[in-house]
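Chemist: Got a structure for you, written out below as structure tokens; questions coming shortly.
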Amino acid sequence: MSQQGAALQCYNNELVKCIEDLCMQKEELNKQIQQAEEEKHKLQHEIQVLREQLQCVCENLAQKVASRNELDKILAETEAAYMKILDSSRTLLNVLKKEVGSLKHTPELKTN
């Protein structure tokens, strides 16, 4: 009977050791889970911050594009108006040259 008691004691010791090993594994796994959850929360916060920054950049970009488009429109209108002024100036110059040319042919302006 003492042999059976010794075997039982040996089994009990191994069982306790296995249970202790499992408890240590569980503790280690709990630490890893906690670290992973902290990393997850950190990354989620960083993602939120980046989303907010992206939204600000997108809004700023949209405003700048709208301003550029408005400047393009103003520039095109100004260039078109300037071209009309150039055309009018050329026409005026041509008319003036013609008038001056015809004045030179009038007898009153001819010098002897």
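The values are calculated or read from the model by the stated rules, or taken from the named source; none is laboratory data. For clarity, every value in this text was computed on a predicted model and none was experimentally measured. Side chains are part of the model used for accessible areas, which takes the heavy atoms of the whole protein and leaves out ligands, DNA and RNA. Shrake-Rupley method; radii C 1.70, N 1.55, O 1.52, S 1.80 Å.
Chemist: Condition first: open to solvent by 90 Å² or more (accessible area, probe 1.4 Å) and either at pLDDT below 95 or under 35 Å from the mean Cα position of the chain (by Cα) (or both). Now tell me which residues in region 15-45 satisfy that.
Modeler: Passing the criteria: GLN34, GLN35, GLU37, GLU38, LYS40, HIS41, LYS42, GLN44, HIS45.
Chemist: Quick check: anything in region 47-60 polar (S, T, N, Q), over 22 Å from the mean Cα position of the chain (by Cα) and part of a helix (DSSP H, G or I)?
Modeler: For region 47-60, residues polar (S, T, N, Q), over 22 Å from the mean Cα position of the chain (by Cα) and part of a helix (DSSP H, G or I): absent.
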